Every structure is written in structure tokens, then in C-alpha cells.
Amino acid sequence: MKLSSDQIQQLYSFTQQHYVEYYDLQTELVDHLANSIEEQWDENPKRSLEEALQMEFKKFGIFGFSDIVEQRQKAMNKKYNTLIWKHFKEFFMLPRIIATALVFVLIYNIASITKYQEVFVFGLISIFMLSVFINLIISHNKLKAKFVATQKKWLFEDVIYRCGSVMAFVQLPLQFLIRIGGMSESDKMTPLYLALFSLITGLLFIIAYIIQFVIPSKASEYLKQTYPEYDLVL
């Protein structure tokens, strides 16, 4: 005995009611629930859909679908971090490594000759943080508009446009702010500190560029690889 289209939609509604907001996870769970319910009906055709559904749902434990959602989120974040690393390595291969080295040298030279090192460092950190926050706002609005149009959310798409765990990177430049806050007017950054600052700042800007421009520009390609049905349901 097979579930009807209306009954399948009931299963989708059930997953939504139990806090599964992403269409790809809903589909995965609906497939599992439908197969299990049909197996139950093969044994007992008189069992109602609601009864069979509740029996299957109990197998997920007291936390329901939350464990599966958490596992999938971890998997998609890991996939996203792999993409960042993949594109990051490209900046240290010819010909990009030349431009990358020039960025580091430029930051170092400007920081070493300016009389206002604190202002320069603070300015770079502020640009980095501001660009991240602006991008998050733009991405949030873009995802919201797309959801209104399609009524579907995809987990990996959400990870891409919300920049995964990018907020963790913000903690690094904040350490420089703490360092600068303790400097007196007569303090000058040592060559080692300048080199370290130039390196970390350059790396942060590369990562920011990757997560804000490179990966989103290829988002459709990556989403189709992850979800073969992505184009079909939009």
C-alpha cells in the first residue's frame, strides 16, 4: 500500500511542525517516514496514517528530529569549510601567489612607515568586520526574499550565504584591538609584530573575499552538486 500525494504532503507538514525548516532535510525524513509507514501497512493495512506516523516518530527518541538536523548541519558546515580551504589554497599557487605576496608586502610597508599605526591597524580591522556584517545583512535579505518566492529553504544554501562559521574569524582581529588599546603614544610596533599583523590581516582578507564573493559566485554549481533536484523544485 502506497501513500497518496496528499499523505506525502501531510508528512512534509509533520516535519515542519517538528522544527525541520530545510526542504532537503524534510525530503530525506519524509522518504524515511513514508517507507516505514508503507512497511507497517503491509503488516497491518487497517492502521491509520497518524498511528503509523506516531509509532515511527517515537523511534527518533525524546529529541525527535533535532539530532538528525544537528548532524546534517555539522556535515554541511564541514563541506563548506572544505570549499573555503580549496579556494584558499589557490591563492598560494601561480599566478595568484604573486598578488597575494604583494598584498602582504603592501600592508607591511604602509604600517611600518605611517605615523598613525594605531589608526591604520584599526581601520583595516574595521573594514574587515564591516564588510562581513554588511555581507551577512545582504545575504539574509536575499535568502528571505528567495524563501518568500519559493517557500523552500536548503541547508547548504543557508550555510553558504550566511558564511558558515565566519563569525569565529572576527575574534582574531579583535585581539589586535586589545593590543592597540594598550599602546602609548610613544610605542611603535616591532618589525616582528608588523610582519605578524600583515600576515594575519592579509589572510583574513583573503578568507573574507572567498566567503563573500568566490563561493557565492559558484553557489548554484555547488548546490546542484549537493542536491540534484535543486533546479527542479525552484
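The values are calculated or read from the model by the stated rules, or taken from the named source; none is laboratory data. Just so we're clear, the structure is a prediction, and the values are computed from it rather than from any experiment. Here Cβ is always computed from backbone atoms with ideal geometry, including for glycine, and neighbour counts include all displayed protein chains. Calculation scope for accessible area: heavy atoms of the full protein, side chains included, ligands and nucleic acids excluded. Shrake-Rupley method; radii C 1.70, N 1.55, O 1.52, S 1.80 Å.
Which one is most open to solvent (accessible area, probe 1.4 Å) among residues in region 82-104 that are touching a residue at least 40 places away in the same chain (Cβ under 8 Å) and assigned to a helix (DSSP H, G or I)? Talk me through it step by step, then tell me what you get.
To start, the set of residues in region 82-104 that are touching a residue at least 40 places away in the same chain (Cβ under 8 Å) comprises 83-84, 87-88, 91, 100, 103-104.
Those still in the list that are assigned to a helix (DSSP H, G or I) too: 83-84, 87-88, 100, 103-104.
Working: LEU83: 22, ILE84: 20, HIS87: 6, PHE88: 32, THR100: 8, VAL103: 68, PHE104: 38 Å².
The residue in question is VAL103.
What helices (runs of 4 or more DSSP H) completely inside region 1-81 contain at least 2 residues that are among the acidic types (Asp, Glu) and under 29 Å from LEU223 (Cβ atoms)? So that I can check it myself, show each step before the final result.
Details: elements: 5-17, 23-43, 49-57.
Because the criterion is at least 2 residues that are among the acidic types (Asp, Glu) and under 29 Å from LEU223 (Cβ atoms), the helices (runs of 4 or more DSSP H) in region 1-81 that meet it are 23-43.
In region 29-55, how many are free of Cβ contacts under 8 Å to residues at least 24 places away in the same chain and either of a type in the set (D, E, K, R) or closer than 23 Å to TYR161 by Cβ (or both)?
Residues in region 29-55 being free of Cβ contacts under 8 Å to residues at least 24 places away in the same chain and either of a type in the set (D, E, K, R) or closer than 23 Å to TYR161 by Cβ (or both): 7 in total.
In region 128-162, which residue that is in a helix (DSSP H, G or I) and more than 18 Å from ILE211 (Cβ to Cβ) is least open to solvent (accessible area, probe 1.4 Å)?
Going residue by residue through region 128-162, those that are in a helix (DSSP H, G or I) are 128-150, 155-161.
Still in the list and also more than 18 Å from ILE211 (Cβ to Cβ): 144-150.
Values: LYS144: 127, ALA145: 62, LYS146: 63, PHE147: 72, VAL148: 97, ALA149: 85, THR150: 35 Å².
Restricting to residues being in a helix (DSSP H, G or I) and more than 18 Å from ILE211 (Cβ to Cβ), the top hit is THR150.
Does region 115-127 contain any residue that is closer than 22 Å to TYR12 by Cα and outside any loop (DSSP other than H, G, I, E, B)? Walk me through how you get there before you give the answer.
Going through region 115-127, the residues closer than 22 Å to TYR12 by Cα turn out to be none.
No; the residues of region 115-127 include none that is closer than 22 Å to TYR12 by Cα and outside any loop (DSSP other than H, G, I, E, B).
Determine, yes or no, whether ASP31 is within 25 Å of PHE156 (Cα to Cα), acidic (Asp, Glu) and out of contact with any strand residue (DSSP E or B) (no Cβ under 6 Å at 6 or more places or on another chain). Can you show your working first?
Details: within 25 Å of PHE156 (Cα to Cα): yes; acidic (Asp, Glu): yes; out of contact with any strand residue (DSSP E or B) (no Cβ under 6 Å at 6 or more places or on another chain): yes.
Judged against the criteria, ASP31 is a match.
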